[in-house]
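K.L.:
What follows is a single structure, and I will ask about it in a moment.
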Amino acid sequence: MCATKSASSMGDKRLFHEWYDTIFAKKDYAREVETVLQMGGVLNGSEQILELGSGTGSHTQCLASRGYSVTAVDTDEEMVAIARRKLAALPAEAASRITYHYGRVEDIPAATFDLAIALFNVVNYISDVASLESLMREVARRLKPGASFVLDAWNGRAALLDPPTSKTTVIEAGCHRIKVDLECHTDSAALRTDMTYSIEVSASDGGEPDREKFSMAHFLWPPDVVVEMAHRAGLEAKSIHPLFDTSRHASDRDWKLMFHFRKPLAMSAS
């Protein structure tokens, strides 16, 4: 029997958490992981990887299933709880290679990693340059000399030229229907896009739909600012590509980007 909880909320993210993996089920996590591993030059399947903004653990599981040991961190406590629950569905050997942390990268115990990744626009949630530089610096401190940091992000310049638009998505999931209305408002002066999600979940056997509405902001970092903050943190910029497309270098009009940074061999880990 299918049913909804017949509730409505403003500012809550309960439905977003509950249906997150369904809403983003079309993301090709395996392909994304393959791309970042190639960019970072980490292909042996035995390396230690630091993952920032791990969410519900879909990228994490792909990495662990390929033999990598992953330390994953996220500031959303419920996302981390979901990711931990999903470990039960993994083979025990793969699950043993994953460690989830709720908190910030600064909370990760001192270690040296062969690769750090931050996927699905993690840096766009950072609201000021000091925090962006701090993130880069904390990642650099946890990388081995010569190791890479690969991240994706909105291209702030392209987003200002072609701002994100509002859209509606309807997903049929078993006996549930999930409707997601996304409303976007871009403030070019503040270099910020505010996104309001309205989620409605209804069941095929009737009942009052479950609804919630909440907002989040993406900050539109120009690529040169991302590179400059990484440089201040001691990281070298190796390349910038369109999202998950390493066949060419990015242009100002490529809406989503992949950045590849590297810790110099001579840089201290402290």
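K.L.:
Which condition does Asp114 not pass, out of (1) touching a Lys or Arg at 6+ places or on another chain (Cβ under 7 Å); (2) assigned to a loop (DSSP other than H, G, I, E, B), if it passes all the others?
P.N.:
Failing condition for Asp114: (2).
K.L.:
Residue under question is Ser148, and the condition is that it be modelled with pLDDT of 95 or more and under 25 Å from Arg253 (Cα atoms); does it hold? If you could, list the steps in order and put the result at the bottom.
P.N.:
Working: modelled with pLDDT of 95 or more: yes; under 25 Å from Arg253 (Cα atoms): no.
In short, no.
K.L.:
Could you tell me which residue of segment 170-188 is modelled with the lowest pLDDT, considering only residues that are touching a strand residue (DSSP E or B) at 6+ places or on another chain (Cβ under 7 Å) and of a type in the set (A, V, I, L, M, F, W, C)? Reasoning before the result, please.
P.N.:
First, the residues of segment 170-188 that are touching a strand residue (DSSP E or B) at 6+ places or on another chain (Cβ under 7 Å): 170-171, 175-186.
Imposing the further condition that a residue be of a type in the set (A, V, I, L, M, F, W, C) reduces the set to 170-171, 175, 178, 180, 182, 184.
Values: Val170: 97, Ile171: 97, Cys175: 94, Ile178: 98, Val180: 98, Leu182: 98, Cys184: 98.
Only one residue fits best here, namely Cys175.
K.L.:
Would you confirm, using the coordinates I've provided, whether Ala130 is of a type in the set (Gly, Ala, Ser) and in the same structural domain as Gly41 (by TED's automatic domain parsing)? Give the steps one after another, and end with the answer.
P.N.:
On the way: of a type in the set (Gly, Ala, Ser): yes; in the same structural domain as Gly41 (by TED's automatic domain parsing): yes.
So Ala130 fits the description; yes.
K.L.:
While we're on this one: Looking only at residues in segment 1-50 that are of a type in the set (A, V, I, L, M), out of contact with any Phe, Trp or Tyr (no Cβ under 9 Å at 6 or more places or on another chain) and at pLDDT below 95, which one is nearest to Ser202 (Cα to Cα)?
P.N.:
Checked segment 1-50; the qualifying residue nearest to Ser202 (Cα to Cα) is Ala3.
K.L.:
Among the residues of segment 188-202, which ones are more than 18 Å from Ala153 (Cα to Cα) and among the charged types (D, E, K, R)?
P.N.:
Narrowing segment 188-202 to residues more than 18 Å from Ala153 (Cα to Cα): 189, 196-202.
Once the filter is applied, which keeps residues that are more than 18 Å from Ala153 (Cα to Cα) and among the charged types (D, E, K, R), segment 188-202 yields only Glu200.
K.L.:
Could you list, in sequence order, all residues of segment 28-67 that are in contact (Cβ under 8 Å) with a residue 40 or more places away in the chain and of a type in the set (Lys, Arg)?
P.N.:
Arg31
K.L.:
Go through (1) on the phi < 0 side of the Ramachandran plot; (2) at pLDDT 95 or above; (3) hydrophobic (A, V, I, L, M, F, W, C) one by one and return the number of the condition Ala110 breaks.
P.N.:
Condition (2) is where Ala110 drops out.
K.L.:
Can you find a residue that is more than 18 Å from Val122 (Cβ to Cβ), touching a residue at least 12 places away in the same chain (Cβ under 8 Å) and assigned by TED's automatic domain parsing to the domain that holds Leu143 anywhere in segment 215-235?
P.N.:
yes
K.L.:
Out of all the residues in segment 83-111, which are in a helix (DSSP H, G or I) and of a type in the set (D, E, K, R)?
P.N.:
If we filter segment 83-111 for residues that are in a helix (DSSP H, G or I), which is where we start, we get 83-89, 92-95, 105-107.
Within segment 83-111, Arg84, Arg85, Lys86, Glu93, Glu106, Asp107 qualify.
K.L.:
Moving to a separate point now. Could you list, in sequence order, the residues of segment 53-70 that are within 17 Å of the chain's Cα centre (by Cα), crowded, with 23+ Cβ neighbours inside 10 Å and not in a helix (DSSP H, G or I)?
P.N.:
Ser54, Gly57, Val70
K.L.:
Among the candidates Thr246, Thr165, Thr196, Thr169, single out the residue that is hydroxyl-bearing (Ser, Thr, Tyr), not assigned by TED's automatic domain parsing to the domain that holds Ile126 and not in a strand (DSSP E or B).
P.N.:
Values: Thr246 fails: not assigned by TED's automatic domain parsing to the domain that holds Ile126; Thr196 fails: not in a strand (DSSP E or B); Thr169 fails: not in a strand (DSSP E or B).
Answer to the selection: Thr165.
K.L.:
Kindly provide the set of residues from segment 186-211 that are more than 14 Å from His17 (Cα to Cα) and surrounded by 14 or more Cβ atoms within 10 Å (Cβ to Cβ), ordered by number.
P.N.:
Pass one, segment 186-211, residues more than 14 Å from His17 (Cα to Cα): 186-196, 202-209.
Answer for segment 186-211, where residues must be more than 14 Å from His17 (Cα to Cα) and surrounded by 14 or more Cβ atoms within 10 Å (Cβ to Cβ): Thr186, Leu191, Arg192, Thr193, Asp194, Met195, Thr196, Ser202, Ala203, Pro209.
K.L.:
For segment 245-256, state whether one or more residues are touching a Ser or Thr at 6+ places or on another chain (Cβ under 7 Å) and either β-branched (Val, Ile, Thr) or buried (at least 17 other Cβ atoms within 10 Å of the Cβ) (or both).
P.N.:
Yes, segment 245-256 contains at least one residue that is touching a Ser or Thr at 6+ places or on another chain (Cβ under 7 Å) and either β-branched (Val, Ile, Thr) or buried (at least 17 other Cβ atoms within 10 Å of the Cβ) (or both).
K.L.:
Only one of (1) under 23 Å from Asp12 (Cβ atoms); (2) surrounded by fewer than 17 Cβ atoms within 10 Å (Cβ to Cβ); (3) of a type in the set (Lys, Arg) fails for Arg232. Which number is that?
P.N.:
So Arg232 meets the others, but not (1).
K.L.:
May I ask you to say which residue of Val105, Val70, Val80 is in contact with an Asp or Glu (Cβ under 7 Å, 6 or more places away or on another chain) and farther than 21 Å from Leu235 by Cβ?
P.N.:
Details: Val105 fails: farther than 21 Å from Leu235 by Cβ; Val70 fails: farther than 21 Å from Leu235 by Cβ.
Among Val105, Val70, Val80, only Val80 is in contact with an Asp or Glu (Cβ under 7 Å, 6 or more places away or on another chain) and farther than 21 Å from Leu235 by Cβ.
K.L.:
Which one of these does Asp28 not meet: (1) farther than 19 Å from Asn121 by Cβ; (2) surrounded by fewer than 19 Cβ atoms within 10 Å (Cβ to Cβ); (3) out of contact with any Gly (no Cβ under 7 Å at 6 or more places or on another chain)?
P.N.:
Of everything listed in (1) farther than 19 Å from Asn121 by Cβ; (2) surrounded by fewer than 19 Cβ atoms within 10 Å (Cβ to Cβ); (3) out of contact with any Gly (no Cβ under 7 Å at 6 or more places or on another chain), Asp28 misses just condition (1).
The values are calculated or read from the model by the stated rules, or taken from the named source; none is laboratory data. What you see is a predicted model, and the numbers here were worked out from it, not measured in a lab. In this analysis, Cβ positions are derived from the backbone assuming ideal geometry, glycine residues included, and neighbour counts consider all displayed protein chains.
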